Amino acid sequence: MFEEAFWFLVIGGLLVLMAVARGLIARLPLTGATVYLFAGFALGPAGVDMLNPDIEGNLRLLRILTETGLVISLFAIGMYLRVPLSDRLWLLTLRLVGPAMIVTIALLYAAAHFGLGFPSSQALLLAAILAPTDPVLANELRVTEAGDDEPLRFALSSEGGSNDGAAYPVVLLGLALCTSPTFDAGLSWTFAVSVVWGIVSALGIGWVFGAGVVILATRLRTRYEQALGLEGFFALGLMALSYGCALLAHGYAFIAVFAAGVALRREELKATGDKSPTEALETVERGEREEAAKDPELAHAYMAETIMAFAVEFERLVEFALMLLIGSLVSAHWRPLMDWRVIWPVLFLLLVARPLATTISLVGSSLDTHQRWLVGWLGIRGVGAFYYLLFSLERAGKDQLEPIAPIVLASIVLSVVLHGASATTLLRRYFNRK
């Protein structure tokens, strides 16, 4: 009874504290993720020992929970990106998801293989796990509202929304090499075809569901006054349909969910036009919201904004839960994380691999030198890396992941602390300069 009461008090107190102190935290050199991480550490074995999750015994459950959190976050980011597909801002996304990720993986592979002496399979797997930036913990970096086209924010947001899916085939390749070191030319062609199919099918599935659901719902609402309310059901259903269908088609399901969010927002943009959805809905009184849902001129804006609001609130709860979990794991295994052979690869990732990769990929882009420097530094690692660690543990086993796991956990901790401490100040200076 005491333990249950303690947990209710701790969770309730943390949630209320974050709600009350949100403005203060935004002005301090830390983020909500930093607070949750430290709280998880304090609750773990190195602290009061109230939170000590059994990874091996609950590996599948933890992987599914983390996977669900990523799905929600990727969908939410997609809905923020209210920019026509013809806009040149999307070229920044392609540069960061393509060349930047490839260079990052190559540099991390070289560091792990030649610097740490890892076999090629483990070196590639570690590089693939750490290459993508995190969509869940980048709240402070993403666009502030749907339609925000500030280049730096758009680049970081769209990169975080798409590169978890882009890293998936490399993770699979690393796992395949861990279990079967030989990789002949025939398998190379099969792998290349699977990559193309995984990306194209995921984009198609996500777009069809994202556009199809909103077209169906708004038509039912505006013509027949049906399917009103329960935007949360629409949001969760759309995420699940896109993700599940992509998995069945052997597509990269994270890309499908992100594409669904972008497609839904694209339908709203076509219907609302140059006026932002916030402006379109600002004259609607709270008691008239259901009427707005049936209005042909407002239905798309109403649906998109309510679904996005639901997804963002859900995403904050996911961030809270997952960072508590990661903090408790760090609390249980903090000693291996202090080894220099664990710390230097993380510093190499944050200070060398990421900045160098983005600098190379953004040559000739629309970003200026200051913006490129910020993109290079603000590449947060977090829940995405943790998911791929659990995913790999489930498929390759503890023996293959034992030397990799401390580096992944250390990268999350250092990224959350260092980026959390610097992001607010750097972004404030950047926007004051403009």
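The values are calculated or read from the model by the stated rules, or taken from the named source; none is laboratory data. Everything quoted here is computed from the prediction, not taken from an experiment. Here the Cβ is made from the backbone with ideal geometry for all residues, glycine too, and neighbour counts use every protein chain on show.
Counting the residues of the stretch 33-62 that are more than 21 Å from Trp334 (Cα to Cα) and touching a helix residue (DSSP H, G or I) at 6+ places or on another chain (Cβ under 9 Å) gives 1.
Has the stretch 153-163 got at least one residue that is polar (S, T, N, Q) and closer than 15 Å to Ala385 by Cα? Yes, that holds for at least one residue.
Checked across the stretch 340-354, the condition of being closer than 20 Å to Thr93 by Cβ, of a type outside the set (Val, Ile, Thr) and modelled with pLDDT of 90 or more holds for at least one residue. The residue that is surrounded by the most Cβ atoms within 10 Å (Cβ to Cβ), counting only those in the stretch 139-169 that are of a type in the set (A, V, I, L, M, F, W, C) and either closer than 16 Å to Gln371 by Cβ or modelled with pLDDT of 95 or more (or both), is Ala155.
Do the conditions hold for Leu409, that is, is it in a helix (DSSP H, G or I) and modelled with pLDDT of 90 or more? When the stated conditions are applied, Leu409 passes them.
Going by what's in this entry, would Ala176 be described as aliphatic (A, V, I, L, M) and surrounded by 14 or more Cβ atoms within 10 Å (Cβ to Cβ)? Yes: the conditions hold for Ala176.
Of Leu264, Leu317, all but one fail to be surrounded by fewer than 22 Cβ atoms within 10 Å (Cβ to Cβ) and at pLDDT 85 or above; the exception is Leu317.
Count of the stretch 357-377 residues, restricted to those that are in contact (Cβ under 8 Å) with a residue 24 or more places away in the chain and of a type outside the set (Ser, Thr, Tyr), is 9. Number of residues in the stretch 322-356 that are closer than 18 Å to Thr104 by Cα, within 23 Å of the chain's Cα centre (by Cα) and in contact (Cβ under 8 Å) with a residue 60 or more places away in the chain equals 10.
Of all the criteria given as (1) under 30 Å from His113 (Cβ atoms); (2) in contact (Cβ under 8 Å) with a residue 24 or more places away in the chain, the one not satisfied by Glu319 is (1). All conditions but one from (1) out of contact with any helix residue (DSSP H, G or I) (no Cβ under 7 Å at 6 or more places or on another chain); (2) under 26 Å from Ala321 (Cα atoms) apply to Leu81; the one that does not is (1).
With the structure loaded, tell me whether Phe320 is more than 27 Å from Gly204 (Cβ to Cβ) and among the hydrophobic types (A, V, I, L, M, F, W, C) or whether it fails that test. Yes.
Each row is one residue, and each column tells you yes or no for (1) on the phi > 0 side of the Ramachandran plot; (2) without any contact (Cβ under 8 Å) to a residue 60 or more places away in the chain.
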| residue | (1), (2) |
| --- | --- |
| Tyr80 | no, no |
| Ser86 | no, yes |
| Leu92 | no, no |
| Pro99 | no, no |
| Ala110 | no, yes |
| Ala127 | no, yes |
| Asp134 | no, no |
| Gly147 | yes, no |
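The C-beta contact set for the stretch 23-40 (first residue farther than 18 Å from Gly382 by Cα and basic (Lys, Arg), second residue modelled with pLDDT of 75 or more and assigned to a helix (DSSP H, G or I), distance under 8 angstrom, 6+ apart or interchain) comprises Arg27/Thr424.
Given the structure, is Ile380 assigned to a loop (DSSP other than H, G, I, E, B), among the β-branched types (Val, Ile, Thr) and in contact (Cβ under 8 Å) with a residue 12 or more places away in the chain?
Criteria met by Ile380.
Within the set Ser422, Ser366, Ser392, the sole residue that is farther than 24 Å from Leu74 by Cβ, in a helix (DSSP H, G or I) and not hydrophobic (A, V, I, L, M, F, W, C) turns out to be Ser422.
Among the residues of the stretch 94-122, those identified as more than 17 Å from Leu350 (Cβ to Cβ) and surrounded by 19 or more Cβ atoms within 10 Å (Cβ to Cβ) are Arg95, Val97, Phe118, Ser121, Gln122.
Among the residues of the stretch 34-61 satisfying the criterion of being touching an Asp or Glu at 6+ places or on another chain (Cβ under 9 Å) and either over 21 Å from Leu414 (Cα atoms) or at pLDDT below 85 (or both), which is surrounded by the fewest Cβ atoms within 10 Å (Cβ to Cβ)?
Only one residue tops the list, namely Arg60.
Since Ser415 meets every condition but one in (1) within 20 Å of Pro119 (Cβ to Cβ); (2) under 18 Å from the mean Cα position of the chain (by Cα), which condition does it not meet? If we test Ser415 against (1) within 20 Å of Pro119 (Cβ to Cβ); (2) under 18 Å from the mean Cα position of the chain (by Cα), just (1) comes out false.
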